[in-house]
Amino acid sequence: MSDIDVLLQEHRLFPPSPAFRAAARVQDTQLQDAAASDPVEFWAREASELTWSKPWDTVMHWTPPHVTWFAGGELNASVNCVDRHIHGSRRNKAAIIWEGEPGDRRTYTYWDVYREVNLAANMLKKLGVVKGDRVAIYLPMIPEAVFAMLACARIGAVHTVVFGGFSPESLRDRINDCGCKVLITADGGYRRGQIVPLKRHADKAVAECPTIEHMLVVMRRRSGVGDEMAAEMQEGRDHWWHRLKRDVPRECAPEAMSAEDNLFILYTSGTTGKPKGVVHTTGGYMTGVSATSKYVFDLKEEDVYWCTADIGWITGHSYLVYGPLANGATCIVYEGAPDWPEKDRLWEICERYGVTIFYTAPTAIRAFMKWGASYVEKHDLSQLRLLGSVGEPINPEAWMWYHETVGKQHCPIVDTWWQTETGAIMITPLPGVTSTKPGSATTPFPGVRVAVLDSQGDQIGVGGGLLALTHPWPSMLRTIWGDDQRYIDTYFSKWPGRPDLYFAGDGAKRDEDGYLWILGRVDDVLNVAGHRIGTMEVESALVDHPSVAEAAVVGKTHDIKGQAIAAFVTLRNGFTASSSLRDELREHVAMKIGALARPDDILFSADLPKTRSGKIMRRLLRDIAEGRALGDMSTLADATVVDGLRAQYEAQE
């Protein structure tokens, strides 16, 4: 029996063009077939593409729920991202093309990155950092953020990157949880024309962090001025990056790291409110992100690749730094907001640098829809050949807008599903092989085994249920830092007696063609009159209406139905909220997916509460709809959005 009712149907199919298929890295199903028959051998072949200083003895050892990959092998992540590219034709190839929000620009070749990473590694060593120490990185989107990550990897230090938009309290908690020795920050950063006072926030955090011995501070100069932002430097503890750089050797020998040595810790929100420190190791993680970058994005030597994620998130780690650089790609890095100073900033950058691969989030795509196609059409995007989506399920109509308006109907879209915990992409089209469906992540990546299960752990052939990963993969998390029991309880305890099944926390459905559709977090599933409905389906039905740019749906207690559906809707430019439009949207949902899903409440809003990574915080919307005190808002990008929504909701009651 299905655990989640499936309402939304989507039958449009978009095969790769013959021209794209003919030039693609993967043109048929041979790779998928080989991986399906022996996933361990597939991953071993992909791992052999990396540079190892010592070969492994055993490919995989699985004692559920713990795994080791490439035991006995040794390698270094910075060598694989930098050193191995400087001895051939990529030495003077652009590795990082950076643009700051004020318009300042820098380009670094692979040789430049090699020099900067060596210097940064020696700076950390001068501050007493040794293999196994933890280093916190709290920086804006500047090249030094990439150098800092790779420098840690070079000397065997474990980095934990904290998004530059997080509060001092969030930074403090992460530093203290893993006992960081050094914090790397900047005097400030830019966001929508304003200065983010990172050093001031860092000082406040470090005042309550007894393990921090030193702070390394990057000077983020004001464009065209050259003076330092306000930054109080504590003698003996704080060091300017540019000054310390003058006093260290230029070469730093890379540390030989065991495949299972920790590469980084990245914190992700937990349901208990205490962030989880997800631990990723060197060999398996590098194998996963290198292989997926190569095949999912069909990376070619001449590509200009842009993943718009911040390095503070796993997407930035895997698909802005480690994956693309391991493949010798040219990567765009942009510091600022997508709508500053105008709403065409991203398309201007795409045009200026001839971006060929563009990877962004559905929340950004829906914002582009809201702003209108005119901002896209101002720019020549003819160099684009592949589009990607990441972060949450993409609504079919947002997918179509992306396909038609940005891709001009000739760019395949790789809609990818994965998590901080998985490290790398798990479900995705292969762009030269897979016929795509708007809103579907399609099929598992080669070497990944996925099932849709009911609450008893039985497989669902067609229909909705719980998403599970049924076989180990190299880039999977190894534990939660300092709390292995939480690792077991969170990810491997959903089906008693089956510690081999990883529970992703998401609902999913499998359609008649075997395609996978992510239905959203199981915590967000609605229970309406005995029917379990995924939020994604109702939200997609709303976004299908021409007036709607974005929608978030939650359940609220109902005496008869158990839960009623409450929808929060943002309109596209040119449309005005009204009671008649509210009624029209209710009927549109009923017509699209059935009367069962007709929202009881629809509230119009100029914006929705989102995390700093752009994900809608439905938990807060549930609090608003139920009239409860609001829960933790520490990861909220703009608290004023919630206050305004609550006032509107109370006025409507």
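The values are calculated or read from the model by the stated rules, or taken from the named source; none is laboratory data. Just so it is clear, the structure is predicted and the values come from calculations on it, not from any experiment. FYI the Cβ positions are ideal-geometry reconstructions off the backbone, even for glycines, and counts take in every protein chain you see.
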Restricting attention to the stretch 535-548, which residues are surrounded by 24 or more Cβ atoms within 10 Å (Cβ to Cβ) and not in a helix (DSSP H, G or I)? Val548
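With the condition kept exactly as written, say whether any residue in the stretch 310-324 is more than 21 Å from Phe163 (Cα to Cα), at pLDDT 95 or above and not assigned by TED's automatic domain parsing to the domain that holds Asp177. I'd like the intermediate steps shown before the answer.
Step one: filter the stretch 310-324 for residues more than 21 Å from Phe163 (Cα to Cα), giving none.
The answer is no; no qualifying residue exists.
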Given (1) touching a strand residue (DSSP E or B) at 6+ places or on another chain (Cβ under 8 Å); (2) surrounded by fewer than 24 Cβ atoms within 10 Å (Cβ to Cβ); (3) without any contact (Cβ under 8 Å) to a residue 40 or more places away in the chain, index of the condition Asp559 fails: (1)
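Which one of these is more than 27 Å from Leu516 (Cβ to Cβ) and at pLDDT below 85: Leu585, Leu636?
Values: Leu585 fails: at pLDDT below 85.
Exactly one residue qualifies, and that residue is Leu636.
I want to confirm something. Restricting to the stretch 517-534 and keeping residues that are under 17 Å from Arg598 (Cβ atoms) and surrounded by fewer than 24 Cβ atoms within 10 Å (Cβ to Cβ), which single residue is modelled with the highest pLDDT? Let's see the steps before the verdict.
Looking only at the stretch 517-534, we keep the residues that are under 17 Å from Arg598 (Cβ atoms), and these are 526-534.
Subsequent filtering for residues that are surrounded by fewer than 24 Cβ atoms within 10 Å (Cβ to Cβ) retains 527-532.
Numbers: Asn527: 75, Val528: 80, Ala529: 68, Gly530: 64, His531: 70, Arg532: 67.
Ranking the qualifying residues of the stretch 517-534, first place goes to Val528.
Test Val448 against the stated conditions and say whether it is assigned to a loop (DSSP other than H, G, I, E, B), on the phi < 0 side of the Ramachandran plot, of a type in the set (Val, Ile, Thr) and crowded, with 24+ Cβ neighbours inside 10 Å. Lay out the reasoning, then the answer.
Values: assigned to a loop (DSSP other than H, G, I, E, B): yes; on the phi < 0 side of the Ramachandran plot: yes; of a type in the set (Val, Ile, Thr): yes; crowded, with 24+ Cβ neighbours inside 10 Å: yes.
For Val448, the condition - assigned to a loop (DSSP other than H, G, I, E, B), on the phi < 0 side of the Ramachandran plot, of a type in the set (Val, Ile, Thr) and crowded, with 24+ Cβ neighbours inside 10 Å - is met.
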Under 7 Å between Cβ atoms, which residue pairs at least 6 apart in sequence (or on different chains) link something in the stretch 317-338 that is of a type in the set (Phe, Trp, Tyr) with a partner that is assigned to a helix (DSSP H, G or I)? Tyr319/Ser293; Tyr322/Ala77; Tyr322/Cys81; Tyr322/Met286; Tyr322/Val289; Tyr334/Ile349
Among (1) surrounded by 22 or more Cβ atoms within 10 Å (Cβ to Cβ); (2) within 20 Å of Tyr114 (Cβ to Cβ); (3) of a type in the set (Gly, Ala, Ser) - the single one Ala256 does not satisfy: (1)
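Would you pick out the residues in the stretch 393-403 that are surrounded by 24 or more Cβ atoms within 10 Å (Cβ to Cβ), modelled with pLDDT of 95 or more and more than 21 Å from Tyr353 (Cβ to Cβ)?
First, the residues of the stretch 393-403 that are surrounded by 24 or more Cβ atoms within 10 Å (Cβ to Cβ): 393-395, 398-399, 402.
With modelled with pLDDT of 95 or more added as a condition, the list becomes 399, 402.
Within the stretch 393-403, just Trp399 meets the criteria.
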Checking Glu74 against (1) modelled with pLDDT under 95; (2) of a type outside the set (Val, Ile, Thr); (3) under 29 Å from Arg478 (Cα atoms), only one condition comes out false. Which one? (1)
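Kindly provide the set of residues from the stretch 354-409 that are aromatic (Phe, Trp, Tyr) and part of a helix (DSSP H, G or I), ordered by number. Before you say what the answer is, go through the steps one by one.
If we filter the stretch 354-409 for residues that are aromatic (Phe, Trp, Tyr), which is where we start, we get 358-359, 368, 371, 375, 399, 401-402.
Correct list: Phe368, Trp371, Tyr375, Trp399, Trp401, Tyr402.
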Which numbered condition in (1) crowded, with 18+ Cβ neighbours inside 10 Å; (2) in contact with a helix residue (DSSP H, G or I) (Cβ under 9 Å, 6 or more places away or on another chain) is the only one that Phe575 fails? (1)
Number of the condition not met by Thr271 [criteria: (1) at pLDDT 95 or above; (2) part of a loop (DSSP other than H, G, I, E, B); (3) not basic (Lys, Arg)]: (1)
Tell me which residues, restricted to the stretch 90-117, are part of a loop (DSSP other than H, G, I, E, B) and buried (at least 20 other Cβ atoms within 10 Å of the Cβ). Gly100, Glu101
Condition (residue is under 25 Å from the mean Cα position of the chain (by Cα), assigned to a loop (DSSP other than H, G, I, E, B) and either among the basic types (Lys, Arg) or more than 30 Å from Phe358 (Cβ to Cβ) (or both)) applied to the stretch 290-309: is it met by at least one residue? yes
Go through (1) touching a residue at least 60 places away in the same chain (Cβ under 8 Å); (2) closer than 29 Å to Gly73 by Cβ; (3) not basic (Lys, Arg) and name the single condition Asp247 misses. (2)
In the stretch 606-633, anything modelled with pLDDT of 80 or more and under 23 Å from Ser547 (Cβ atoms) is listed as Ala606, Asp607, Leu608, Pro609, Ile616, Arg618, Leu621, Ile624, Ala625
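Matching residues to (1) among the β-branched types (Val, Ile, Thr); (2) farther than 13 Å from Val117 by Cβ; (3) surrounded by fewer than 20 Cβ atoms within 10 Å (Cβ to Cβ); (4) free of Cβ contacts under 8 Å to residues at least 12 places away in the same chain:
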{"site": "Gly132", "(1), (2), (3), (4)": "no, yes, yes, no"}
{"site": "Val135", "(1), (2), (3), (4)": "yes, yes, no, no"}
{"site": "Leu139", "(1), (2), (3), (4)": "no, yes, no, no"}
{"site": "Val146", "(1), (2), (3), (4)": "yes, no, no, no"}
{"site": "Met149", "(1), (2), (3), (4)": "no, no, no, no"}
{"site": "Arg154", "(1), (2), (3), (4)": "no, no, no, no"}
{"site": "Ala157", "(1), (2), (3), (4)": "no, no, no, no"}
{"site": "Val162", "(1), (2), (3), (4)": "yes, yes, no, no"}
Top-ranked residue in the stretch 171-200 [being of a type in the set (A, V, I, L, M, F, W, C), touching a Leu at 6+ places or on another chain (Cβ under 8 Å) and outside any helix (DSSP H, G or I); ranked as farthest from Leu266 (Cα to Cα)]: Ala186
Over 22 Å from the mean Cα position of the chain (by Cα), crowded, with 18+ Cβ neighbours inside 10 Å and of a type in the set (Val, Ile, Thr): which single residue out of Val390, Val406, Val355, Val376 fits that description? Val376
Can you tell me which residue within the stretch 188-217, out of those that are within 16 Å of Arg174 (Cα to Cα) and touching a Phe, Trp or Tyr at 6+ places or on another chain (Cβ under 7 Å), is surrounded by the most Cβ atoms within 10 Å (Cβ to Cβ)? Ala202
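So that you can scan it fast, the table gives a plain yes or no per residue for (1) surrounded by fewer than 20 Cβ atoms within 10 Å (Cβ to Cβ); (2) part of a loop (DSSP other than H, G, I, E, B):
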site	(1), (2)
Ala22	yes, no
Arg25	yes, yes
Asp28	yes, yes
Asp33	yes, no
His61	yes, no
Trp69	no, no
Gly88	yes, yes
Among the residues of the stretch 575-620, how many are in a strand (DSSP E or B) and farther than 28 Å from Asp339 by Cα? 1
